[in-house]
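J.: One structure, pasted below without further comment.
The values are calculated or read from the model by the stated rules, or taken from the named source; none is laboratory data. None of these values were measured; they are calculated from a predicted model. No Cβ is skipped: glycine too gets one built from the backbone with ideal geometry, and neighbour counts run over all protein chains shown.
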Amino acid sequence: MRARVLIVPRPEVLDPQGRAVAHALAGLGFAGVRDVRVGRIVYLTLDDGLGRADAAREVERMAKELLANLIVEDFTIEWMD
Amino acid sequence: MRVAVLQFPGSNCDDDCLQAFGRVLGCEASLVWHGASELPIGTDLVVLPGGFSYGDYLRCGAIAAHSPVMAATKRFAERGGNVFGICNGFQVLTEARMLPGALLRNAGLAFVCKNVTLRVESQRSSLTARIAVGSQYVMPIAHMEGNYFADEATLDAMEARGQIVLRYVDGATGQAVAGANPNGACRNIAGVANERGNVVGMMPHPERVMEGLLGGEDGKALLEGLVAQVAAAAA
């Protein structure tokens, strides 16, 4: 089983990295970009022995305990198979 | 007084802290490896040094926060033990949820290495208990992620409880103006304490200004207050 966890800065948190990318895109002539947020993706390969429901619970815990810092980041979990 | 300086893979101010607390301030200071499941018996103060623990992988301090020695440090703090984090040590304490908030990438996206002026804002921490509010110190910062963030409600609550212990200020006027903020930190915050006041973190490096030969003694003045407070509590 493969999952990916997408982690992005929360909307109320200033993302200077995203802002710099937005400036660079504007500099390259890409018009109409209203906002850029830069996050990170964590790919997880899990034992198939775990049922999907258990795996979902485990990945949720991983995201909350370590992969994301919920004070400043939000996460979403996507299954790739 | 016994000081345990924690050492994570990638710590690089650990020896500076040993020198500061041991040789300069006269404490019995020793290094404690991150894999240790207990602190040395008789520890009075735990110091988390600066550096790049675990290569700053994932987020600064995130992996160190889950190391065995941090579980021991949490238990120590819950019993009232004093814990002090500098720079990456501050990041580790926020990731371990021993201090509120988080430290984000500097607003200017650049590593900032320079002297700043700090003002003591509150005496409600072991670090500042013996120092007059309004006292100013000059010492270096050297970080990429020192942009302190907490939501407005948390900041208001911290302010009301005196948990904001140090701010970046203009050296001439003593005011916490935007121009004195090196990294975009909310409300010019340079250092915070937990509610109880026994866990404190700060981004600037007092351990680097312990002796005139090395550029100043402001760090010594600040840390002498911490050592005196912890020693009195231990007596």
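J.: Going through region B:108-132 one residue at a time, which ones are part of a loop (DSSP other than H, G, I, E, B), more than 15 Å from B:V200 (Cβ to Cβ) and not small (G, A, S)?
T.: Of everything in region B:108-132, those that are part of a loop (DSSP other than H, G, I, E, B), more than 15 Å from B:V200 (Cβ to Cβ) and not small (G, A, S) turn out to be B:L109, B:F111.
J.: Next up: Take region B:83-98 and flag every residue that is over 28 Å from B:A235 (Cβ atoms), touching a strand residue (DSSP E or B) at 6+ places or on another chain (Cβ under 7 Å) and assigned to a helix (DSSP H, G or I).
T.: B:N88, B:Q91, B:V92, B:T94
J.: What's the total number of residues in region A:1-43 that are free of Cβ contacts under 8 Å to residues at least 40 places away in the same chain and outside any loop (DSSP other than H, G, I, E, B)?
T.: The number of residues fulfilling the criteria is 15.
J.: If you check B:V192, B:V165, B:V169, which single one turns out to be surrounded by 21 or more Cβ atoms within 10 Å (Cβ to Cβ), over 15 Å from the mean Cα position of the chain (by Cα) and under 29 Å from B:D151 (Cβ atoms)?
T.: Residue meeting the stated conditions: B:V169.
J.: Also: Which ones in region B:138-162 are within 14 Å of chain A (Cβ to nearest Cβ) and among the β-branched types (V, I, T)?
T.: The answer is B:T154, and nothing else.
J.: Check B:G134 against each of (1) touching a residue at least 40 places away in the same chain (Cβ under 8 Å); (2) buried (at least 19 other Cβ atoms within 10 Å of the Cβ) and name the one condition it does not meet.
T.: Result: B:G134 fails condition (2) only.
J.: Then there is this: Condition test on A:P11, is it in contact with a Leu (Cβ under 6 Å, 6 or more places away or on another chain), within 13 Å of another protein chain (Cβ to nearest Cβ) and closer than 20 Å to B:G101 by Cα?
T.: Details: in contact with a Leu (Cβ under 6 Å, 6 or more places away or on another chain): no; within 13 Å of another protein chain (Cβ to nearest Cβ): yes; closer than 20 Å to B:G101 by Cα: yes.
Considered against the rule, which asks whether it is in contact with a Leu (Cβ under 6 Å, 6 or more places away or on another chain), within 13 Å of another protein chain (Cβ to nearest Cβ) and closer than 20 Å to B:G101 by Cα, A:P11 comes out as no.
J.: Can you tell me which residue among B:G184, B:G219, B:G201, B:G225 is at pLDDT 95 or above and part of a strand (DSSP E or B)?
T.: Residue meeting the stated conditions: B:G201.
J.: Just checking, which of B:G80, B:G61 is more than 14 Å from every other protein chain (Cβ to nearest Cβ), within 28 Å of B:M210 (Cα to Cα) and assigned to a loop (DSSP other than H, G, I, E, B)?
T.: Only one candidate qualifies: B:G80.
J.: Please specify each residue of region B:209-226 satisfying the condition of being within 14 Å of the chain's Cα centre (by Cα) and buried (at least 22 other Cβ atoms within 10 Å of the Cβ).
T.: Once the filter is applied, which keeps residues that are within 14 Å of the chain's Cα centre (by Cα) and buried (at least 22 other Cβ atoms within 10 Å of the Cβ), region B:209-226 yields B:G219, B:L222, B:L223, B:L226.
J.: Could you pull out the residue among A:L50, A:L66 that is within 13 Å of chain B (Cβ to nearest Cβ) and either part of a loop (DSSP other than H, G, I, E, B) or at pLDDT 90 or above (or both)?
T.: Result of the check over A:L50, A:L66: A:L66.
J.: Of the conditions (1) touching a residue at least 40 places away in the same chain (Cβ under 8 Å); (2) out of contact with any strand residue (DSSP E or B) (no Cβ under 8 Å at 6 or more places or on another chain); (3) not charged (D, E, K, R), B:L214 clears all except one; give me its number.
T.: With (1) touching a residue at least 40 places away in the same chain (Cβ under 8 Å); (2) out of contact with any strand residue (DSSP E or B) (no Cβ under 8 Å at 6 or more places or on another chain); (3) not charged (D, E, K, R) applied to B:L214, the lone miss is (1).
J.: Here is a follow-up. On the given criteria, is B:G51 out of contact with any His (no Cβ under 7 Å at 6 or more places or on another chain) and under 18 Å from B:A235 (Cα atoms)?
T.: Details: out of contact with any His (no Cβ under 7 Å at 6 or more places or on another chain): yes; under 18 Å from B:A235 (Cα atoms): no.
When the stated conditions are applied, B:G51 does not pass them.
J.: I would also like to ask the following. Please work out if B:V120 is touching a residue at least 60 places away in the same chain (Cβ under 8 Å), more than 14 Å from chain A (Cβ to nearest Cβ) and either surrounded by fewer than 22 Cβ atoms within 10 Å (Cβ to Cβ) or touching a strand residue (DSSP E or B) at 6+ places or on another chain (Cβ under 8 Å) (or both).
T.: no
J.: Take region B:83-116 and flag every residue that is of a type in the set (G, A, S), more than 9 Å from chain A (Cβ to nearest Cβ) and within 16 Å of B:Q163 (Cα to Cα).
T.: B:G85
J.: Given the options B:A4, B:A77, B:A29, B:A72, name the one that is under 15 Å from the mean Cα position of the chain (by Cα) and either surrounded by fewer than 22 Cβ atoms within 10 Å (Cβ to Cβ) or over 27 Å from B:E195 (Cβ atoms) (or both).
T.: B:A77
J.: So, one more: Considering B:D16, B:D56, which residue is farther than 22 Å from A:F75 by Cβ and under 18 Å from the mean Cα position of the chain (by Cα)?
T.: B:D16
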